[in-house]
Amino acid sequence: MSSTAEDGDPELGGEDVAVTEQAAAEALDLLESEGMDVEESGLRLYVQQGGCAGLSYGMRFEHAPEDDDEVFERNGLRVFVDDASIDYIEGSVLDYEGGLQGAGFHVQNPNVVSECGCGESFRT
């Protein structure tokens, strides 16, 4: 059964996952452009094996959480995190950075002890 964390301070980490207003707005716009229901759908944030440092983040939109997901609602965005990933990313902040050198989502993770040179993978 999925558990849900209600809106808290999106700038603070802690034992869950926070989402900045800008990241939530960008993700919600993308969800809507895909024709997904923002009340039920959400952004899956997960950790997978890969990259120079051993682990990397993955993100994708899903129509609903899995039964054992943690579900966080931040700034109107639902974020789904599976049991295997939550230990790696608890306390993280999902942000969106724009710019000429590449806009995109970025995870600020207090559990990271090292990252590869390109910043695409990490180790905890």
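Overview of values
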{"read-out": "Residue ID - modelled with the highest pLDDT, chosen from residues in the stretch 1-28 that are of a type in the set (D, E, K, R) and exposed (fewer than 11 other Cβ atoms within 10 Å of the Cβ)", "value": "GLU15"}
{"read-out": "Where a residue in the stretch 86-115 is in contact (Cβ under 8 Å) with a residue 40 or more places away in the chain and its partner, wherever it lies, is exposed (fewer than 13 other Cβ atoms within 10 Å of the Cβ) and in a loop (DSSP other than H, G, I, E, B), with Cβ under 6 Å and at least six apart", "value": "GLU90/GLU15; GLY91/PRO110"}
{"read-out": "Residues of the stretch 35-80 classified as part of a strand (DSSP E or B) and of a type outside the set (A, V, I, L, M, F, W, C), total", "value": "14"}
{"read-out": "Top-ranked residue in the stretch 60-73 [being surrounded by 14 or more Cβ atoms within 10 Å (Cβ to Cβ), out of contact with any helix residue (DSSP H, G or I) (no Cβ under 9 Å at 6 or more places or on another chain) and free of Cβ contacts under 8 Å to residues at least 60 places away in the same chain; ranked as farthest from VAL107 (Cα to Cα)]", "value": "ALA64"}
{"read-out": "Flag for ASP29 being over 21 Å from PRO110 (Cβ atoms) and in a loop (DSSP other than H, G, I, E, B)", "value": "no"}
{"read-out": "Residues that are of a type in the set (A, V, I, L, M, F, W, C) and either crowded, with 16+ Cβ neighbours inside 10 Å or modelled with pLDDT of 85 or more (or both), drawn from the stretch 88-121", "value": "ILE89, VAL93, LEU94, PHE105, VAL107, VAL112"}
{"read-out": "Of the criteria (1) at pLDDT 90 or above; (2) surrounded by 14 or more Cβ atoms within 10 Å (Cβ to Cβ); (3) within 22 Å of PRO110 (Cβ to Cβ); (4) not polar (S, T, N, Q), which one ASP83 fails", "value": "(2)"}
{"read-out": "Selection within the stretch 53-77 - at positive phi and either at pLDDT 90 or above or among the hydroxyl-bearing types (Ser, Thr, Tyr) (or both)", "value": "ASN75, GLY76"}
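The values are calculated or read from the model by the stated rules, or taken from the named source; none is laboratory data. From a predicted model like this one, the values you see are computed outputs, not experimental measurements. Don't worry about glycine lacking a Cβ; one is built from the backbone with ideal geometry, like all the others, and counts go over all protein chains shown.
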